[in-house]
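Asker: One structure follows; several queries about it will come next.
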Amino acid sequence: MIRIAAVGDVHVDKDVLGRYRPALEQLPGVADALLIAGDLTRHGTVEEAKCMATEFGDVGVPVVVVLGNHDHQSDQQDALSEVLRDAGMTVLEGDATVLEINGHRLGIAGAKGFGGGFAGACASSFGEREMKNFVGTTEAIAERLGAALRGLDCDALVALTHYAPVPETLVGEPLEIYPFLGSYLLGQAIDSAPTALALHGHAHHGSERGRTPGGVPVRNVAHPVIKQAYNVYQLLSEDVDANLATV
Ligand SMILES: [Fe+2]
C-alpha cells in the first residue's frame, strides 16, 4: 500500500507561517509522500515562495507540487519554482516523477492545467485568435499531461493538477465560473492512462469527491474544501478513501 497526503491552495505568505507545520511534522507517521495541487503562494512572489519552502520543506517525506494560477500572478513562476526545488521539492509542469515507496513504484504526472469548461458547456477553438489561444493553451497542457501519464511504467499512477478535470468536484461553486475552474480535456488525459487517482485544487467552494468518465477517482484537495492540513489517500488498496487523516 502507498499512502498519499495531499492538499492544495495553501496560499502561503508570512502570516501563514506555522499554520500547517504542526500537522506536517506528523507526516512521516501517516503518509509516504506529500502532493500539493497548486496555489502554493498568495501572489506568486519569490518572497512568498521562500515562506512556502520554510513551511513545507523538510517534512520527512518527498514533496511533489504543481503551480497554480496564483503562483503565476507576479510572472515570477520560474524563480518561484527554483526556490521550491532548492528546498528539495519536485515541481512538475507537463512532466512526471517516480518515487520508490515500500517496494512499489509510484508515478506522479503533474501540470497546472487551465480552463475551458466541460461537456455541453465548454469553449471551442473557433473564431477570434484570442479564443483559439485560450483553448489551445488547455489543449497543449492536457496533451503534455496525458503523454507524461502514458510514459510512466509504475505500480500506481497519480495525476496532479491545479485546475479540475471533472465538474463533480466543483459542486458548490457558481455554475457560471466552471469554465474558469477546469476542463474536460484534463479528464480525457487522465483517462488515457491507467491512472489510480487524480488530485486537484483551485475550486475553494467545490466538493471533495468525483470521478472521471473513465472511472478514475478525482479528489479536490483545496485546503478550504478538506479543511485540514492534508487528506491521506491509499493506493494499491481496496478503497482510496479508507484512511483519511484527522489532522
Ligand atoms: Fe487557490
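Asker: Ranked from highest to lowest mean number of other Cβ atoms within 10 Å per residue, what is the order of the peptides 48-54, 31-37?
Answerer: Values: 48-54: 22.0, 31-37: 25.9.
Final packing ranking: 31-37, 48-54.
Asker: Antiparallel DSSP bridges in the chain: what percent, to the nearest 5?
Answerer: So the antiparallel bridges in the chain amount to around 40 percent.
Asker: In vacuo Debye scattering of the chain, one point per C-alpha: log10 I(q)/I(0) at q = 0.13, 0.14 Å⁻¹?
Answerer: Debye output, listed in q order: -0.72, -0.84.
Asker: Can I ask one more? Under the rule of -39500 (n - 2.57) per DSSP H run of 4 or more residues, summed and divided by the residues of the chain, what mean residue ellipticity at 222 nm is obtained, to the nearest 500 deg cm²/dmol?
Answerer: -7000 deg cm²/dmol
Asker: For the range 58-132, which chymotrypsin sites (Phe, Trp or Tyr not before Pro) are both in a DSSP coil and crowded by at most 16 other Cβ atoms within 10 Å? Mind showing how you got there, number by number?
Answerer: Working: sites: Phe114, Phe118, Phe126; in loops: Phe114, Phe126.
Answer by residue number: Phe126.
Asker: Right, another one. If packing is taken as the average count of other Cβ atoms within 10 Å, what order do 87-99, 194-206, 168-180 fall into, highest mean first?
Answerer: Packing order, densest peptide first, comes out as 194-206, 87-99, 168-180.
Asker: Further, regarding this structure: Give, rounded to the nearest 20 debye, the magnitude of the charge dipole that the range 39-84 has about its Cα centre when Lys and Arg contribute +1 at Cβ and Asp and Glu contribute -1 at Cβ.
Answerer: Numbers: 2 positive and 9 negative charges, 17 e Å.
Dipole of the range 39-84, to the nearest 20 debye: 80 debye.
Asker: What is the gain in length, in nm to one decimal, between Arg211 and Arg85 on full extension, counting 0.36 nm per residue of separation less the C-alpha to C-alpha distance?
Answerer: Full extension from Arg211 to Arg85 adds 42.2 nm.
Asker: Can I ask one more? To the nearest 20 debye, what is the magnitude of the charge dipole of the range 2-235 about its Cα centre, counting +1 on the Cβ of each Lys and Arg and -1 on the Cβ of each Asp and Glu?
Answerer: Roughly 500 debye, rounded to the nearest 20.
Asker: Cα centroid distance between the range 133-195 and the range 41-82, in Å?
Answerer: Comparing the Cα centres of the range 133-195 and the range 41-82, I get a distance of 21 Å.
None of the figures in this text is laboratory data; all of them are computed from the coordinates on show. Keep in mind that what you see is a predicted model, and the values were worked out from it rather than measured. Note that each Cβ is placed from the backbone with ideal geometry, even for glycine, and that neighbours are counted across all protein chains shown.
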